1. Given 0.36 nm per residue, what is the gain on full extension from A62 to E272 after removing their alpha carbon distance, in nm?
2. Based on Cα positions only, what radius of gyration and what Dmax would you give for the chain, in angstroms?
3. For the chain, find the longest principal axis of its Cα atoms and tell me its angle to the long axis of helix 207-218, 0 to 90°, nearest 10.
4. Helix 61-88 sits at what angle to the longest principal axis of the chain, using alpha carbons and giving 0 to 90 degrees rounded to 10?
5. Taking the mean number of other Cβ atoms within 10 Å as a proxy for protection, how do you rank 128-134, 283-289 from highest to lowest?
6. Would you look at the GNM of the chain, springs on alpha carbons closer than 10 Å, and say which of F66, F198, F125 moves the most?
7. With the Cα gyration tensor of the stretch 45-143 in hand, convert its eigenvalues to equivalent ellipsoid semi-axes via √(5λ) and list them largest first in whole Å.
Amino acid sequence: MAIEFRHLRYFIAVAEESHITRAAERLGMQQPPLSQQIAAIERQLGVQLFRRKARGVELTDAGCAFLAEARATLGHLDRLVESTRRAARGEQGRLCVGVTSTATFHPLVPSALRAFRKTCPLVDFTLEECMSNEMVERLRNERMDVAFIRTSPADSREIAVVPLLDEPMVLALPSDHPLAQLHDQSAIRLQSLADETFILYGPPGTGMYDATITACHAAGFNPRVGNLAASTQQAPRVASTLSLVAAGFGISCVPSSLQRMTIFGVVYRALEASVRPCVRLNLASRPTNQSSVVKRFIAVVRETARDFAAPAKPDGCCGNAPGQDAWTLSDQ
């Protein structure tokens, strides 16, 4: 007879109760079959585990040693079962999350990360910051599991995108700019900026770049970006963008959440709602990634995003995808 896990449970019950009849009641079985099972275990081991007494049983030295190992074995089994179930629920494993630098300032991102960490503390979590197009490439190459991005990849077969919300953009101005020094804090008309030099964040095809261009075209002009050979007015990072604004190289449209970034020499001003750029925040992943951890993370992010839907939608946002209003959530 091979000793099975159920035999260990039988033995532990008898050892803890010091009485076969009480152990049988605890196990929900009859006393004779339990006695037979204990005797079979002793025959298999070739040792005596219990001394029979008038009012029960007591462990022998061999029985005490076997009890310690039996408890350890069942404890390991219980941990193995629970670990497997946690992995199936997406509560355990590894997760690499990408985030674009502009997304880190929107409260949705840290709120979602906090919510996931709270519900899944055993997940080995890695956070990487890079530009949206770089994260899309890392997702394709399976070097990243999921990413907060500001753009939508052209090939939706390789990358699955969950739209989270559309964020209105504001104007970042040098502090000595005439518009920054006005005491009137009313919103600025985008049309009035046709003669300004714009500092664009990221390469063409990324969210903030395309949103700015689209809004300027809707306002009736092509934004003047400047001589890129002579200056760095197409900035690769948002910090660089705002640094160039502070240095007086030009102005820039940035997500409204970036107003949390205080940069010496930069003033933020609202844009008039009639023609105002908006930039989308998406969550991207690989459709072929069937990881329970990834599925759990996406579910937590989508649930968290519901808390950031504005009670009233702003009008006039340009750069939104068809059918999406600013600060509204996807129904997908």
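Only the coordinates and a few stated rules stand behind these numbers; no lab work does. A quick note: this is a predicted structure, and the numbers were derived from the prediction, not measured. Every residue, glycine among them, receives a Cβ derived from its backbone with ideal geometry; neighbour counts consider all protein chains shown.
1. That works out to 67.2 nm of additional length.
2. So, for the chain, Rg and Dmax equal 31.9, 103 Å respectively.
3. 30
4. 30
5. Peptide ranking by packing, descending: 128-134, 283-289.
6. Answer for the Gaussian network model of the chain: F66.
7. Computed over the stretch 45-143, the values are 54, 14, 8 Å.
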